[in-house]
Amino acid sequence: MVKLTIARSANSSVVQSQPLVAVFSGGTNGIGLTTLKALAASHSTTGKGLRVYIIGRNQKATEKIIADCLSLCPQGDFRFVRTSDLALLKEVDRVCEEITKAERACAANGDKPRVDMLFMSQGELSLEPYTRNAEGLEFRVSLLYYSRMKIILNLLPLLLESNLPAHVVSVFAAGKEGELPLDDLSMRDPKHRGLVSTRSTVTYMTTFFFEWLASQHAGKLSLVHVFPGLILTDSVRSMPLWARTLWWILRPALSLFCTSVEECGERILFLANPARFPAGSTQGETGVSTPGSNSTPVQGLAPAMGTDLKRGSGAYGVNLDGETMSESQIHKSYDRHRANDVGGKVVAHTVKAFEEIKAGRAFKD
């Protein structure tokens, strides 16, 4: 486990080293919100500049969040970006275009349009009935996977302008791989729609798409998929009444085994550290990717091992404590799929979904 004191010190070092631009999708509650506050607190009054885009649905609630962030970081520029439904890729396109235009407008003031950090935590595996939206995507899977990958691709021109280099953090279920229905990645068959099955499929697809992005943009893009474990956030409010009641009954006992909200925010922010989680660079003789030159070593920590079993390779599956999946876990979950080029199939499936929906057709594969 990475000590919390080390994570906090590393966060302060990165955040205060240069002006930063960050985007939060899912930053108005739960893990996204506590990470946003950790970023604002790390910058505080001594950072070199912070601009943050907060994607959310409730403007009034976000205004309160922005006020809280400004109390922590008075010089910060916190901007609300309204969305109606991020499960719809058309809406994702609109939101990303708004952010892109806003960044381009900053160029008029001599600032460099870019995104240095992207945190995504929208969506959850709720107990609501299986529902496909107008674009042909199951709404939960879209929030957890398709919309997140689309946000990355849409903001890629800005991400590639970062000097950090850019870091993407997706909060869901790294390390929770199980079965993968290769002939039904869209999970149209009811037997593939259970919570465990859905979690596994989304996790596999995230890993393979992240590895593809890291290989396409070596030295420019670091991507981390994290399993946060049990955090006592307010996300329970979206659960059915019986589940909320059970949660509140068990909460005192669960608190003994949970990570605090505040610690969670610090640890999620740490996943954007360029020394611990570097963007993959050139391959050396040992086959280990060399971290970029902008990295400042973190006390006692080597670059993390990527999901391809190479250190510092740019795509990572991580637990909240900052430790990556074990080699044995990666071998067990991924070896058989790599042998069959499942990564290529996942990328092709995802790109096809984006192309079909962009053309105005519902995705039917």
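We did not get these values from a lab; they are worked out from the coordinates using the rules stated. Since this is a predicted model, take the numbers as computed values, not measurements. Ideal geometry is used to build each Cβ from the backbone, glycine not excepted, and the neighbour counts take in all protein chains shown.
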Search result, residues across the range 322-365 that are touching a helix residue (DSSP H, G or I) at 6+ places or on another chain (Cβ under 7 Å) and either β-branched (V, I, T) or not in a helix (DSSP H, G or I) (or both): G322, V342, V346, V347, T350, I357, F363, D365
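Out of curiosity, is D77 in contact with a strand residue (DSSP E or B) (Cβ under 9 Å, 6 or more places away or on another chain) and of a type in the set (D, E)?
Values: in contact with a strand residue (DSSP E or B) (Cβ under 9 Å, 6 or more places away or on another chain): yes; of a type in the set (D, E): yes.
Against the criterion (in contact with a strand residue (DSSP E or B) (Cβ under 9 Å, 6 or more places away or on another chain) and of a type in the set (D, E)), D77 qualifies.
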Residues that are assigned to a loop (DSSP other than H, G, I, E, B) and of a type in the set (D, E, K, R), drawn from the range 42-58: K48, R57
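Evaluate the following for L72: is it among the aliphatic types (A, V, I, L, M) and closer than 20 Å to S170 by Cα? Quick ask: steps written out before the conclusion?
Details: among the aliphatic types (A, V, I, L, M): yes; closer than 20 Å to S170 by Cα: no.
For L72, the condition - among the aliphatic types (A, V, I, L, M) and closer than 20 Å to S170 by Cα - is not met.
Give the residues of the range 173-198 that are among the hydrophobic types (A, V, I, L, M, F, W, C) and either assigned to a loop (DSSP other than H, G, I, E, B) or crowded, with 17+ Cβ neighbours inside 10 Å (or both), sorted by residue number. Spell out the reasoning first.
If we filter the range 173-198 for residues that are among the hydrophobic types (A, V, I, L, M, F, W, C), which is where we start, we get 173-174, 180, 182, 185, 187, 195-196.
Across the range 173-198, the qualifying residues are A173, A174, L180, L182, L185, M187.
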When residues of the range 79-133 are limited to those that are among the acidic types (D, E) and part of a helix (DSSP H, G or I), the one surrounded by the fewest Cβ atoms within 10 Å (Cβ to Cβ): E97
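Please tell me if T62 is free of Cβ contacts under 8 Å to residues at least 40 places away in the same chain and within 30 Å of T131 (Cβ to Cβ). Step through it out loud before you land on a result.
Numbers: free of Cβ contacts under 8 Å to residues at least 40 places away in the same chain: yes; within 30 Å of T131 (Cβ to Cβ): yes.
Criteria met by T62.
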Count of residues meeting criterion [in contact (Cβ under 8 Å) with a residue 40 or more places away in the chain and either of a type in the set (D, E, K, R) or touching an Asp or Glu at 6+ places or on another chain (Cβ under 7 Å) (or both)] in the range 1-41: 14
Filter pass, N58 being more than 17 Å from M120 (Cβ to Cβ), under 18 Å from the mean Cα position of the chain (by Cα) and not charged (D, E, K, R): no
Filter pass, V81 being in contact (Cβ under 8 Å) with a residue 60 or more places away in the chain and of a type in the set (A, V, I, L, M, F, W, C): no
